[in-house]
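I have placed the structure first, in the form of structure tokens, so that the comments after it can refer back to it.
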Amino acid sequence: METQRAITIHTIQNGKEHFGEYGTSAHLLDYLSKQTPFTLQAPCGGKGRCGKCRIQILSGTPSPVTDAERALLRPEELAQGIRLACLTRAEGDLSIQLEGSKRPIGNKSFLFPHPLPVDGSLRTLVLELVPPSLEDQRSDHSRLLSALATEALEIPPSLLRELPQVLREGNWRTTLLLQKNRILSLLSGTPLGKTCGVAIDIGTTTVAAYLFDLYTGEHLDSQSELNAQGVFGADVISRIQFSLEGPANLTQLQKKILTQIDGMIHQMARRTGIHQSEICLACMVGNPTMIHLALGLSPRYIAEAPFIPVTTEPLLLPARDLRLSLSAGAIVRVPPAVSAYVGSDILAGVVASGMAKAIQAGSAVPSLLIDIGTNGEIVLAHGDRLVACSTAAGPAFEGAQIACGVGGVAGAIDRVSKAGDELSYTTILESPPLGFCGAGIVDLLALLLDAGIVDETGRMLTREEAAREGHPLAERLISYDEEPAFQLVGAEKSSTGMPILLTQQDVREIQLAKAAIAAGIRTLLKGSGLSFGDIQTLYLAGGFGNYLDPRSAARIGLIPKELGGKIQSVGNAAGMGASLALLSEKTFFLFQQVRERTSYIELSSSAEFQELYVEEMLFPT
Ligand code: FES
């Protein structure tokens, strides 16, 4: 009987190669996400809608091109062997090339110019144990307990695994790192190494980790990467759906993110010459779905009304339970969340911006904090209260669901300006243009509104209409999918070899996203009896906020124009807040105190929000 030969897939990304068996994979995206270490973003979660999971077939036998691929890829791309991984199967051996994995630049970075404050809750204890003998056959555990004498300490079971080796290597002298009555780390002898901790911000798009010296608060290193779960969808809803589609999917999502975080910690440790056993504490923030997935908790009920998470409580978890290779007793602080859609990342922003301390003191001047990502979370501080809401802005501002959209990576167009009839742009790291990140799209749209190419309803002129009006930018209008599109960069200048366009459909996506944010702001203010004039500061958090030009944001109506002059970008405030809670237990508790003073407004059932949303759909004239 003839046995079927296994299909082998040869994959290349960033010069690294991988060989694997295709097995029973449903399509190449399925194979790549499960069986290779490579990163491929799949914003629509493999539904064949976004056209972003591009791969290049170098040789071999793929399945025939589908109609959906013909609709999403241009003939020139198909001719170059470009295919969509979620719509392509292997019918024989294949050699495929993935685009270089793009590291997010700057959008999760945070400058830590000075050591951050530490609260001194850590201490070390050096113990000399009596060596065992035939006359003294107490266990290592009992020996340690009697050496601790009056110290009533918890010894986590994970420490027992390392105890025999640590005691013998240190010739029965050991150093304990303690926080209150908990042993975080047990080291041989009296080592001179550092005592470190890592703050982690799990964003739906980007994950960032920051390494600190726990005693001095000195920032030692950072690492930022696109979330490896991106292969299962760009937004939280796609990831939740994926987690529900098969019994092993939740485990797969958890493994993906924890392996990524562990790898990031490993890289920072290697760069700074720190052993991972010297990292004794972690603090992890994120939106509730990201935290659920990292903890292996089902996010099922986050996605359906009445939107109930498994937990929003603060947690202290052994790092070993999360398979993070830190010191044996290391714990992970997980600060609390507010609701299913306002997580510890937003509270971290409230802490980092200083709003939390003002609320605690009961003297917060009216101020807003907005984090625009795949969801737009908005919080309003006033007196001793915080009011929060979350709007489904969609991933448009993160470059997903935008024809030429990319994240905040090298080559992303982040600024567009006009002098006379000349348009110019800048890109992140001044790399050749790759596509638009959110800030670049907002800039260009603001210019097109000013120029009359896009009207207040969001309709874009066709080339013929613009030419009839003698518009100097008419030449840049082309037809794309039978609708107008504005070409900013020609194929010859773009790093993809394809023109970089803002399409009519992109404008519609931005319109929906900006209306959701603007209506959310107005709903919060109305509910609190405040007006735009009362707001003193609008803190803009997240990568998008870093690059966004406030004038353009006001021009397209994303931020009400009355607030345009009050915007203060706070960078990756979530990473900063996580770092503060890593270094200070008091700050970790501050999250909880603020949460207790927070009320949440559910916008999906707010008639007022719906009305404002429709109003905000128009662009300002
Ligand atoms: S088209 Fe394949 S992931 Fe969206």
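Compute the Rg to Rh ratio over the chain from the alpha carbon atoms, using the Kirkwood formula for Rh, and round to two decimal places. Show your work: numbers first, answer last.
Working: Rg = 26.4 Å, Rh = 26.1 Å.
Here Rg/Rh amounts to 1.01.
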Heavy-atom accessible surface of region 198-343: percent carbon and sulfur, 1.4 Å: 58
Under a straight-distance cross-link criterion of Cα-Cα below 20 Å, which lysines are reachable from Lys526, leaving out those fewer than 8 residues away in the same chain? Lys514, Lys561, Lys566
Name the long-range amide H neighbours of Asp93: under 5 Å, sequence gap of 5 or more, or other chain; modelled H, no Pro or chain starts. Thr8, Thr61
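Of all the accessible heavy-atom surface of region 8-98, with the other protein chains kept in place and a 1.4 Å probe, what percent is carbon and sulfur?
Details: 2090 of 4180 Å².
Percent of accessible area from carbon and sulfur atoms in region 8-98: 50.
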Go through Lys47/Lys256; Lys16/Lys255; Lys255/Lys586 and tell me which ones have a Cα-Cα distance over 29 Å in this structure. Lys255/Lys586
Could you tell me how far the Cα centroid of region 140-164 sits from the Cα centroid of region 571-621, in Å? 42
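Among residues other than Leu250 whose Cβ falls under 13 Å from its Cβ, what is the net charge (Lys/Arg +1, Asp/Glu -1)? Intermediate results must be reported in sequence, preceding the final value.
Values: positive: Arg239, Lys255, Lys256, Arg300; negative: Glu245.
Combined, the nearby Lys, Arg, Asp and Glu give +3.
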So which lysines pass the test for Lys493, namely a Cα distance under 22 Å, with those fewer than 8 places away in the same chain ruled out? Lys52, Lys102, Lys418
Find the centroid of the Cα atoms in region 458-520 and in region 307-352, then give the distance between the two in whole Å. 42
Which Cα, out of Ser579, His141, Ala541, lies furthest along the positive dipole direction of the chain (beta carbon charges, K/R +1, D/E -1)? His141
Below 15 Å, Cα to Cα, which aspartates and glutamates can Lys357 reach? Residues fewer than 8 away in the same chain don't count. Asp384, Glu585, Glu596
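Just the ratio, please: alpha-carbon radius of gyration of region 198-343 over 2.2 N^0.38 Å, N its number of residues.
Numbers: Rg = 15.0 Å, N = 146, 2.2 N^0.38 = 14.6 Å.
Here the Cα radius of gyration is 1.03 times the empirical estimate.
Would you kindly state how much longer the chain becomes between Lys493 and Glu465 on full extension, computed as 0.36 nm times their sequence separation minus their alpha carbon distance, in nm to one decimal?
Working: separation 28, 0.36 × 28 = 10.08 nm, distance 2.68 nm.
Extra length available between Lys493 and Glu465 comes to 7.4 nm.
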Based on the Cβ-Cβ distance of Glu76 and Leu160, what FRET efficiency does E = 1/(1 + (r/R0)^6) give at R0 = 60 Å, to the nearest 0.05? 0.45
Length gained, Thr457-Thr66, 0.36 nm per residue minus C-alpha separation, equals 137.3 nm
Note down the nm distance, to one decimal, between modelled labels 7 Å out along Cα→Cβ at Leu148 and at Leu530. 4.7
Would you mind calculating the gained length between Asp93 and Asp119 on full extension (0.36 nm times residue separation, minus the Cα-Cα distance), in nm to one decimal? 3.5 nm
Distance in nm between pseudo-label sites at Ala607 and Ser417 (7 Å out along the Cβ direction from Cα): 4.8
To one decimal place, what Kirkwood hydrodynamic radius in Å is obtained for region 344-621 from all pairs of distinct Cα atoms? 19.4
Considering the zone a paramagnetic label at Gln505 would reach in this model (a point 7 Å from Cα along the Cα-to-Cβ line), which residues of region 397-414 have amide N under 19 Å from it? 397-407
Expressed in angstrom and rounded, the centroid-to-centroid distance over alpha carbons for region 206-257 and region 529-543 is 29
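Net charge near Leu449: determine it from the other residues with C-beta under 10 Å of the C-beta of Leu449, scoring Lys and Arg +1 and Asp and Glu -1.
Details: positive: Arg555; negative: Asp450, Asp455, Glu456.
Local charge sum for Leu449: -2.
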Note to self: with every protein chain in place and a 1.4 Å probe, region 8-98 gives an accessible area per residue in Å² of 46
Which shape class applies to region 40-191: rounded if a/c is under 1.5, otherwise prolate when a/b exceeds b/c and oblate if not, where a ≥ b ≥ c are the square roots of the Cα gyration tensor eigenvalues? prolate
Out of all DSSP beta bridges in the chain, what portion is antiparallel? Express it as a percent rounded to 5. 70
Given charges at Cβ of Lys, Arg, Asp, Glu: the chain dipole, positive-most of Val342, Thr150, Asn181: Thr150
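Can you tell me the accessible area per residue over region 408-525, all protein chains present, probe 1.4 angstrom, in square angstrom? Walk me through the numbers on the way to the answer.
Details: 4610 Å² over 118 residues.
Each residue of region 408-525 exposes 39 Å² on average to a 1.4 Å probe.
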Any cysteine of the chain lacking a neighbouring Cys Cβ under 4.7 Å - listed by number: Cys53, Cys86, Cys196, Cys280, Cys283, Cys389, Cys404, Cys437
Magnitude of the charge dipole, the chain, Cβ model with Lys/Arg +1 and Asp/Glu -1, debye to 20: 1140
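The values are calculated or read from the model by the stated rules, or taken from the named source; none is laboratory data. Nothing here was measured: the structure is a model prediction, and the numbers come from that model. FYI the Cβ positions are ideal-geometry reconstructions off the backbone, even for glycines, and counts take in every protein chain you see. Calculation scope for accessible area: heavy atoms of the full protein, side chains included, ligands and nucleic acids excluded. Shrake-Rupley method; radii C 1.70, N 1.55, O 1.52, S 1.80 Å.
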